[in-house]
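Student: If you scroll down you'll find the structure; I have some questions about it.
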Amino acid sequence: MNRFQLGTKRPMIIAGPCSAETREQTLDTCTQLAATGVVDMLRAGVWKPRTSPGTFEGVGLKGLAWMAEAKRTTGLPFGVEVASKAHVEAALEFEADCVWIGARTTVSPFAVQEIAEALAGSGVAVLIKNPMNPDIDLWAGAVKRFMGVGIAAENIGLIHRGFSYFGHSRYRNAPMWPLAFEMRSRFPEMMMICDPSHMAGNREYIAELSQEAADLRYDGLIVESHICPEQALSDAGQQLVPAELERLIRGVNWRKEAVDDPEFVGELARFRDEIDRIDAEVFGLLSRRMKVSESIGRVKKENDVAILQSSRWGAIKERILSQSDGLGLSTEFLTAILEAVHLESIARQNSVMNRG
Ligand code: PEP
Ligand code: MN
């Protein structure tokens with residue numbers, strides 16, 4: 001049997017429903033996706049780790065049988081999410097070509113170790129999603145567990161699906177791109193693909209995130225597609241019908257390897273991209289911080305407390321400045337930023353407290 005190999009095609013496009021729900025939905029979606037000609041591998045979840053109980057938790061083994069059938073009819077390999085030893089055994093029995101570890105599982109070293117041991121020696125590729133929380137060591141730890149049972153780096157890939165974030169951002173899961181770059185630099189030999197569906201949480205933002213991923217030289221995408229997204233039993237808001245998926249994939253511009261250009265030009269562009277993303281995050285955070293200052297202003301107003309509380313400000317300043325070495329930022333630079341932030345913060349509180 002020819003084993004599916006990661007990294008044989010760039011970009012690699014994985015698509016399929018969030019969940020296998022019925023045989024018809026699974027086969028129709030997969031058949032239409034295969035017909036687009038832009039999909040390299042099919043996906044579907046059959047065991048769904050849900051945040052809240054009582055929501056759809058997957059169809060189990062039946063779904064694997066449907067995916068195996070989709071593989072036979074389309075000729076495309078398929079991947080499935082696994083969260084336990086029993087899942088791995090079932091996936092291998094149904095000849096899955098690839099398994100992936102979900103974000104809720106990557107956070108659990110016991111589960112990851114159990115999965116790694118069950119997968120060892122099978123030759124089946126594994127894709128490891130980033131954990132829910134922005135903890136690079138936890139993500140790297142999961143990779144090391146798979147390597148530790150003898151799975152070769154070329155059989156391991158990374159999926160960046162964004163990080164759970166307290167507060168509001170444009171996306172359901174904040175990309176925090178620099179964390180993914182850090183992961184890439186720790187495992188430069190591993191392919192990394194982007195999951196714009198779970199990052200966005202909303203089909204409206206999938207195209208922009210896909211293009212960003214292409215611009216950032218990801219090796220591919222994993223995107224959710226459903227024959228009838230409105231009726232999807234999970235992640236209804238982010239799934240695309242197969243025709244939309246085709247349009248999305250054909251619309252992404254994968255920057256060519258600039259073989260003729262001097263290396264310098266490529267390097268420069270990458271660093272500039274990185275700066276732009278970081279700036280977007282930095283200023284997004286500053287905006288959030290100012291909104292919190294306004295809330296403080298409201299609370300102070302209700303309790304008739306003065307705006308400036310110098311002991312609190314002194315403590316903030318001392319804490320940040322003490323991190324100067326670790327951050328690699330001079331105290332002059334930190335002080336200048338802190339003063340500007342403090343001034344704006346006072347202005348915001350002032351406008352809340354003295355408005356009207
Ligand atoms: C999924 O891919 O269907 C899934 C559950 O994703 P995540 O683990 O990224 O939430
Ligand atoms: Mn999903």
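The values are calculated or read from the model by the stated rules, or taken from the named source; none is laboratory data. All values reported here derive from a predicted model rather than from experimental measurement. Cβ placement follows ideal geometry from the backbone for every residue including glycine, while neighbour counts extend to all protein chains displayed.
Student: I'm trying to understand the selection: among the residues of the stretch 97-128, which are touching a Gly at 6+ places or on another chain (Cβ under 9 Å), free of Cβ contacts under 8 Å to residues at least 60 places away in the same chain and more than 10 Å from ligand 1 (Cβ to nearest atom)?
Tutor: V99, P109, V112, Q113, A116, A120, G121, V126, I128
Student: Considering only residues that are outside any loop (DSSP other than H, G, I, E, B) and charged (D, E, K, R), which ones fall in the stretch 227-241?
Tutor: Across the stretch 227-241, the qualifying residue is only E230.
Student: Could you pull out every one of the helices (runs of 4 or more DSSP H) wholly within the stretch 242-356 that has 2 or more residues that are closer than 30 Å to N202 by Cβ?
Tutor: Qualifying helices (runs of 4 or more DSSP H): 242-251, 263-303.
Student: Going through the stretch 191-247 one residue at a time, which ones are more than 13 Å from ligand 1 (Cβ to nearest atom), closer than 20 Å to F163 by Cα and hydrophobic (A, V, I, L, M, F, W, C)?
Tutor: M191, M192, I206, A207, L209, A213, A214, L216
Student: Something else about it: Before we move on, is G284 surrounded by 11 or more Cβ atoms within 10 Å (Cβ to Cβ), under 30 Å from R217 (Cα atoms) and not assigned by TED's automatic domain parsing to the domain that holds P178?
Tutor: yes
Student: For the stretch 148-178, what are the residues that are under 10 Å from the mean Cα position of the chain (by Cα), among the aliphatic types (A, V, I, L, M) and on the phi < 0 side of the Ramachandran plot?
Tutor: L158, I159, A174 - these are the residues of the stretch 148-178 that are under 10 Å from the mean Cα position of the chain (by Cα), among the aliphatic types (A, V, I, L, M) and on the phi < 0 side of the Ramachandran plot.
Student: If a residue must be farther than 15 Å from P242 by Cβ, of a type in the set (S, T, Y) and more than 16 Å from ligand 2 (Cβ to nearest atom), how many such residues does the stretch 1-40 contain?
Tutor: 2
Student: Could you say which residue among I222, I227, I249 is within 16 Å of ligand 2 (Cβ to nearest atom) and surrounded by fewer than 24 Cβ atoms within 10 Å (Cβ to Cβ)?
Tutor: The match here is I227.
Student: Moving on to the next point. Within the stretch 177-226, considering only helices (runs of 4 or more DSSP H) that don't extend past its boundaries, which have at least 1 residues that are over 12 Å from I159 (Cα atoms) and of a type outside the set (G, A, S)?
Tutor: Fully inside the stretch 177-226 and qualifying: 177-186, 206-215.
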